[in-house]
């Protein structure tokens, strides 16, 4: 179902000019993770520090998350020629962020990427199971991303904006998704190219209007 369209009204919701500090368009994929990863010790110091603080798992998770966001960011940015607008690393209240937001003919998507190299990932209604052992709350996080994005964009645009949450699984050896999961879409990284063929949800002027609101940092302060 197409979002209600009123280009004039949406145009008033998005500022015609943004101060560089408020413009999220230049954000690179993984922007919020780069600083955290750069602050990690490297080489022998890293190994000693990780062992002493028992934080090697946390450091590895940060690096994997950055690799995932960078890989997905490249694929999403490649959709620009097909009428999609993409934002990365949108800051949210509470030191959280929305990794990727894609706005195009196929609608508005909030995307969260996870990297589990060589693992088998089974996605259920609420959690993902990694190699049949470890549970991760990826599905719940994606739902939360979608709700927060829909709230912020609807408020900023002045009309309801539907946002579909998407979980993108990167570098996994295998993936299974329960048929009961309907409200969160699950894709492998190579399937993102298929977004170029989606349409019928938003017209170009609506894409630009929503994008104009989404790229404004102030839109997300109440998300």
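One residue alone among 87, 98, 76 is in contact with a strand residue (DSSP E or B) (Cβ under 7 Å, 6 or more places away or on another chain), over 14 Å from residue 35 (Cα atoms) and either part of a helix (DSSP H, G or I) or at pLDDT below 90 (or both), and that residue is 76. Among the residues of segment 181-201, those that are exposed (fewer than 14 other Cβ atoms within 10 Å of the Cβ) and within 14 Å of residue 143 (Cβ to Cβ) comprise 182, 183. Residue 131 falls short on exactly one of the conditions (1) more than 16 Å from residue 113 (Cβ to Cβ); (2) under 16 Å from the mean Cα position of the chain (by Cα), and that condition is (2). Among the residues here, residue 129 qualifies as farther than 19 Å from residue 100 by Cβ and in a strand (DSSP E or B).
Flag: residue 153 does not match the condition of being within 30 Å of residue 210 (Cα to Cα) and part of a strand (DSSP E or B). Which of the following residues is touching a residue at least 24 places away in the same chain (Cβ under 8 Å), part of a helix (DSSP H, G or I), farther than 12 Å from residue 105 by Cα and within 16 Å of the chain's Cα centre (by Cα): 193, 223? The match here is 193.
Quick grid of which residues meet (1) surrounded by fewer than 18 Cβ atoms within 10 Å (Cβ to Cβ); (2) within 12 Å of the chain's Cα centre (by Cα); (3) under 27 Å from residue 176 (Cβ atoms):
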| site | (1), (2), (3) |
| --- | --- |
| 58 | yes, no, no |
| 68 | no, yes, yes |
| 79 | no, no, yes |
| 84 | no, no, no |
| 87 | no, yes, no |
| 95 | yes, no, no |
| 106 | no, no, yes |
| 118 | yes, no, yes |
| 127 | yes, no, yes |
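None of 145, 205 is in contact with a helix residue (DSSP H, G or I) (Cβ under 6 Å, 6 or more places away or on another chain), in a helix (DSSP H, G or I) and at negative phi except 205. Annotation for segment 91-100: no member residue is closer than 15 Å to residue 167 by Cβ, in contact with a helix residue (DSSP H, G or I) (Cβ under 6 Å, 6 or more places away or on another chain) and without any contact (Cβ under 8 Å) to a residue 24 or more places away in the chain. When residue 216 is tested against (1) touching a helix residue (DSSP H, G or I) at 6+ places or on another chain (Cβ under 7 Å); (2) modelled with pLDDT of 95 or more; (3) surrounded by fewer than 16 Cβ atoms within 10 Å (Cβ to Cβ), exactly one condition is not met: (3). Restricting attention to segment 173-190, which residues are in contact with a helix residue (DSSP H, G or I) (Cβ under 9 Å, 6 or more places away or on another chain) and not in a helix (DSSP H, G or I)? The answer is 181, 183, 184, 185, 186, 187. Taken over segment 3-30, the criterion of being surrounded by 15 or more Cβ atoms within 10 Å (Cβ to Cβ), assigned to a helix (DSSP H, G or I) and modelled with pLDDT of 85 or more is satisfied by no residue.
The values are calculated or read from the model by the stated rules, or taken from the named source; none is laboratory data. As the structure is a prediction and not an experimental result, all values here were calculated from the model. Heads up, the Cβs are rebuilt from the backbone with ideal geometry, glycines too, and the neighbour counts pull from every protein chain shown.
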